[in-house]
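Participant: Below are the structure tokens for one structure; questions will follow.
The values are calculated or read from the model by the stated rules, or taken from the named source; none is laboratory data. Just so it is clear, the structure is predicted and the values come from calculations on it, not from any experiment. Neighbour counts are summed over all protein chains in view; Cβ atoms, including those assigned to glycine, are modelled from backbone coordinates with ideal geometry.
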Amino acid sequence: MQVEAIQKSYKRWAPVYDLTFGRITQGGRMLAAAHVNAQGGSVLEVGIGTGLALDFYRPQVRVTGIDVSAEMLREAELKARKRGLRNLAGLHQMDARQIAFPDASFDHVAAMHVMSVVPEPERVLDEMARVVRPGGSVLIANHFAGRTEGWTLAERLAAPLANLLGWHSDFAIERVLGHPKLRLEETRQVRPFGLMTFLRFRRVEG
């Protein structure tokens, strides 16, 4: 998907995202937040959307969010204000292919249901690996094609609707594996129905 298509799609979805896609994608966000909470430090959420994970972070975790959609960011800002959250370091409208933070800026970088949305996911992964410190975590939750028995046909039928749905149903897991600076340490299928996969990587030297 191109950036313009993403912005148009999520402008449409922003007001109802929490009640639709949000509910079936919370499992991955909870796993990511639990890992960050246990380790502590700072986290960058790439494609923070409406801020669905904000409630899951401990107050001691410093959270920064970026998203290409201004409408989504407004929802996240409103949510943080209503909740009185004080650990939100900032929300920024930004293309994840060019993250405007220095190298090794964060202890963790998370992309929750983003990789099958962004154009050039390999570039996004490069940027995530760049801005996380060596030894830090890169956390990805996403739907990957062929990972859930019985859903292959539905994935194939939904593929042409990417611009309408806001994500690619036929996205292959191989596109986020094998990065030279990221060592895969955990793979887990996420409820409900195992439709989503949670991946935890460690940033290695090099």
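Participant: Which one of Leu125, Leu73, Leu88 is among the aliphatic types (A, V, I, L, M) and closer than 22 Å to Arg183 by Cα?
Facilitator: On inspection, the qualifying residue turns out to be Leu125.
Participant: Which one of these is buried (at least 16 other Cβ atoms within 10 Å of the Cβ), part of a loop (DSSP other than H, G, I, E, B) and in contact with a Phe, Trp or Tyr (Cβ under 8 Å, 6 or more places away or on another chain): Gly49, Gly27?
Facilitator: That would be Gly49, the only listed residue that is buried (at least 16 other Cβ atoms within 10 Å of the Cβ), part of a loop (DSSP other than H, G, I, E, B) and in contact with a Phe, Trp or Tyr (Cβ under 8 Å, 6 or more places away or on another chain).
Participant: Restricting attention to region 52-100, and to residues there that are assigned to a strand (DSSP E or B) and under 15 Å from the mean Cα position of the chain (by Cα), which single residue is surrounded by the fewest Cβ atoms within 10 Å (Cβ to Cβ)?
Facilitator: Per the criteria, the residue is Gln93.
Participant: Going residue by residue through region 107-119, is there one that turns out to be touching a helix residue (DSSP H, G or I) at 6+ places or on another chain (Cβ under 7 Å), small (Gly, Ala, Ser), in a loop (DSSP other than H, G, I, E, B) and surrounded by 23 or more Cβ atoms within 10 Å (Cβ to Cβ)?
Facilitator: no
Participant: Let me confirm something: among Gly178, Gly206, Gly194, which residue is modelled with pLDDT of 90 or more and assigned to a loop (DSSP other than H, G, I, E, B)?
Facilitator: Answer to the check: Gly178.
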